[in-house]
1. Please turn the phi angles of region B:534-544 into ³J(HN,Hα) values with the Karplus equation 6.51 cos²θ - 1.76 cosθ + 1.60 (θ = phi - 60°), one per residue in order, whole Hz, x for glycine and proline.
2. Which value, in Å², gives the accessible area per residue of chain A when a 1.4 Å probe is used on the protein heavy atoms?
3. Accessible area, 1.4 Å probe, largest first: how do B:PHE652, B:PHE42 sort?
4. What part of the accessible area of region B:636-723, given as a whole %, is carbon or sulfur when the probe is 1.4 angstrom?
5. Considering only protein heavy atoms and a probe of 1.4 Å, how much of the accessible area of region B:361-420 is carbon and sulfur, as a whole percent?
6. Please label the shape of chain A as rounded, prolate or oblate, based on the square roots a ≥ b ≥ c of the eigenvalues of the alpha-carbon gyration tensor (a/c under 1.5 means rounded; beyond that, a/b larger than b/c means prolate, else oblate).
7. Could you look at region B:1-98 and say what percent of its accessible area is carbon and sulfur, using a 1.4 Å probe and all protein chains?
8. For a quick check of understanding: with a 1.4 angstrom probe and all protein chains in place, what accessible area in square angstrom does B:HIS637 have, to the nearest ten?
Amino acid sequence: MKKKVLTVDDSRTIRNMLLVTLNNAGFETIQAEDGVEGLEVLEGANPDVIVTDINMPRLDGFGFIEGVRRNEKYRAVPILVLTTESDQEKKNRARQAGATGWIVKPFDPAKLIDAIERVTA
Amino acid sequence: MDMNEIKEIFFQECEEQLAELESGLLKLNDGDRDPETVNAVFRAVHSIKGGAGAFGLDDLVSFAHVFETTLDCVRSNRLEPTPDVLKVMLKSADVLADLVTASRDGGSVDAARSRGLVKELEALANGELPAPSVHTEAAAAKPAEAAPQPTDESGFQPIPFSFDGFDEEDEVTLEGSAYEIVFKPRRELYSKGNEAALLLRDLSRLGEMSIHCDTDALPALDQMDPEEAYFAWKISLKTTRGEEDIRTVFEFAEWDCDLEVKLAEPARPDEEQPMVPVPFDLSILDETPTSEEESEEPSASGIVAATLAAAETATNVTRLASVAARVAERQEASAAAAAPAIAAQNTAAASSAGQTIRVDLDRVDRLINLVGELVINQAMLSQSVIENDATGTSSINMGLEELQQLTREIQDSVMAIRAQPVKPVFQRMSRIVREVADMVGKSIRLVTEGENTEVDKTVIDKLAEPLTHMIRNAVDHGIETPEKREAAGKSPEGTIKLTAKHRSGRILIELQDDGAGINRERVRQKAIDNDLIAADANLTDDEIDNLIFMPGFSTADKISDISGRGVGMDVVKRSIQALGGRISISSRPGHGSTFTMSLPLTLAVLDGMVVTVAGQTLVVPLTAIVETLQPEASAIHSFGANHRLISIRNSFCPLVDVGRILNFRAIQANPVEGVALLVESEGGGQRALMVDAIQGQRQVVIKSLEANYTHVPGIAAATILGDGRVALILDVDAVVAASRGQALKPELALKPEMPLAAAG
């Protein structure tokens with residue numbers, strides 16, 4: 001069974017790169033454009049892993065992660081933060097919100113896949 | 001989709017982000033302090049940086065990074081967005097736009113300028129206030145090779161972690177060494193979606209490993225909190241990798257576990273705790289479901305498998321098994337609950353995805369061309385049916401009417417696809433206002449209204465140039481210097497207002513400034529000097545104002561003495577007319593001027609009045625016609641040798657014989673035998689155009705005459721009628737202008753020099 005990845009990113013460019021990278025690596029990919037849509041899509045999407053951006057309109061990555069972690073059904077889903085912010089403060093905030101790990105942009109496909117493999121069985 | 005296509009998407013997205021950035025900064029400039037505005041501005045730069053990084057556009061990344069850092073200061077309230085700060089930011093937005101363009105089309109940007117701004121941005125981020133005159137400082141910024149290499153590149157490198165203190169151990173490990181690792185997860189580790197078994201799996205990939213699971217903390221079942229972390233692991237690992245690699249495995253979990261990594265002490269046969277090399281089959285965690293049990297229960301993921309695996313090795317097998325069972329049960333239940341929700345989610349996703357699509361413009365154009373052909377074809381079909389079925393009652397006839405209706409609707413819908421808001425063009429203008437105002441030392445605010453007014457993309461594309469020119473003029477000549485404004489009792493800051501709105505099937509664009517207005521005395525003098533009008537010509541104020549549109553009214557070198565306007569306005573007028581538009585000016589001395597442009601919403605079709613003139617079929621754009629009337633002999637008054645007036649409701653209006661103007665006939669036709677079309681020309685004046693007869697009203701597909709033949713004075717374009725004949729579309733303004741005494745002359749013969757650049 002294909003692993004299902006939910007990606008949440010407001011940038012069309014990054015969404016497309018994620019889609020291509022993940023599909024090429026044999027993942028099933030569901031996409032959302034911001035935290036609000038991410039939480040909507042999450043219901044019933046049943047992803048094996050979530051990849052999310054931090055800076056997004058409506059609901060940012062921190063809020064989105066907290067939302068996922070509050071969801072009884074999905075609170076244990078691994079969440080990888082995809083962001084250019086490599087500084088410790090942002091990572092810590094993401095962790096406090098409940099992120100599992102992070103991928104530093106600009107991601108190269110191998111790193112992305114590697115990170116996903118690391119947090120999924 | 002390949003990388004090139006994604007790159008194309010990136011550049012499209014950049015355009016949007018840049019627009020977002022600029023409008024956000026302008027809002028901030030207007031005193032908007034909504035955190036969401038700052039966020040949106042930050043996000044725009046951030047997004048550009050993110051995408052640019054993915055494509056290795058280093059210049060763009062570096063600049064965006066510095067910009068972003070400074071914006072982050074604003075976002076976190078460390079930097080007050082004062083007008084001076086925003087000035088730097090708006091300029092940075094311009095440079096960012098240039099960098100995007102350079103990345104897309106090649107070419108280079110003004111390196112000195114961008115370096116200067118990098119310095120200014122960094123200074124702002126460091127809490128230094130901008131110098132009052134930022135412009136000169138930026139220009140003076142030395143093109144030193146010590147260009148501030150925009151901060152830390154490492155910010156973007158995907159460097160996982162570095163523990164500098166352990167460097168020396170790397171060498172030791174080269175031959176392979178044994179490590180002892182103690183790993184004790186806390187409950188947070190699990191609650192953040194990390195999984196001890198996966199970490200152990202990754203660890204096992206580094207070398208040879210044996211594990212001891214410490215289950216001492218595990219309480220009795222009835223006291224057990226299923227979410228608590230009870231296990232700890234002791235791992236011996238033989239690996240050629242360094243400690244850093246081992247730590248990297250725990251990178252994500254570091255905060256949520258106790259982790260000890262140390263080199264194993266060489267030989268220590270008697271361990272306090274017996275280290276049992278356990279058959280920890282970590283391969284079970286890998287994705288491919290091999291056993292039947294797994295495929296039966298696909299949603300029971302690593303947690304169960306890992307727990308089961310661990311259970312085999314642990315002492316409390318029974319207790320653990322029951323935990324595992326509970327976990328499995330819960331997961332099964334959740335999987336079942338998820339099933340119906342998936343369907344709902346799919347429909348939700350489908351509906352949200354259907355909001356917009358991007359289509360290659362060529363495809364739309366092809367569609368438009370085909371619809372154009374369809375319209376002509378439908379008209380031809382109608383024509384031949386009418387010719388063969390005089391009664392007009394057959395069912396074919398009724399069907400044709402429906403076809404006509406449908407064709408029209410298809411056409412409107414297709415046109416709507418090409419319709420775009422004027423916003424991008426308006427937004428470009430704000431940059432021009434900024435730059436030119438900066439150059440001439442004026443302070444000017446651009447106010448835009450109706451940016452979402454939609455018009456055909458071709459019109460938008462062609463609008464940018466004349467509009468740019470007019471804006472430059474308004475800034476350079478229209479608005480006075482701050483000193484003069486203050487002396488005149490006005491605010492030192494000038495205002496230029498750009499408005500777009502729909503009016504009766506056309507788009508109306510107004511450019512209004514609160515400057516000094518047209519200096520009529522000088523304009524008049526200039527016109528006399530240039531032999532454009534007779535020295536004793538008696539002109540109304542409006543007519544004087546409109547002199548500035550006359551070809552040859554001014555040239556760049558002469559205009560500098562004129563405080564009014566006039567740099568190449570004839571070129572602007574020609575561009576607008578080429579779009580089938582009209583432009584006029586109204587001015588109030590001391591209060592400013594307003595340019596009004598009226599443009600067709602589309603360049604593809606036109607509602608026209610089909611008329612006959614001297615045996616020729618012509619189409620007169622319906623938008624130009626105010627009314628049609630049948631002149632009576634008593635209403636016609638001769639005026640001089642060749643001029644005639646018609647009296648309409650107690651006012652006189654010059655009568656213009658279209659056939660005579662276009663040289664279709666040598667002598668004027670008798671007005672009483674024809675029909676007069678009352679038209680309004682761009683100067684606001686009315687003329688009655690004499691034609692021989694009206695054939696009807698029709699929508700026609702515009703075919704460019706220039707593209708297919710050559711420009712013909714007095715003719716705007718051509719079309720193909722239902723009977724297959726070509727009909728010429730009348731250029732009403734040109735005909736009216738010709739009637740004022742100017743001969744119709746090929747406009748191409750005018751000086752080809754483009755004074756557009758001269759204004760800057």
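1. Coupling constants for region B:534-544: 6, 4, 9, 4, 9, 10, 6, 4, 4, 5, 5 Hz.
2. On a per-residue basis, chain A sits at 34 Å².
3. Accessible-area ranking of B:PHE652, B:PHE42, largest first: B:PHE652, B:PHE42.
4. The value for region B:636-723 is 50 percent carbon and sulfur by accessible area.
5. Ligands and nucleic acids excluded, carbon and sulfur reach 55 percent.
6. Rounded, since a/c falls under 1.5.
7. Of all accessible area on region B:1-98, carbon and sulfur atoms account for 46 percent.
8. Taking all protein chains as shown, B:HIS637 has close to 70 Å².
The values are calculated or read from the model by the stated rules, or taken from the named source; none is laboratory data. Small disclaimer: the values here were computed from a predicted structure and weren't measured. Methodologically, a virtual Cβ is constructed for each residue, glycine included, from the backbone with ideal geometry; neighbour enumeration extends over all protein chains shown. Accessible surface areas use protein heavy atoms only, side chains included; no ligands, DNA or RNA. Shrake-Rupley method; radii C 1.70, N 1.55, O 1.52, S 1.80 Å.
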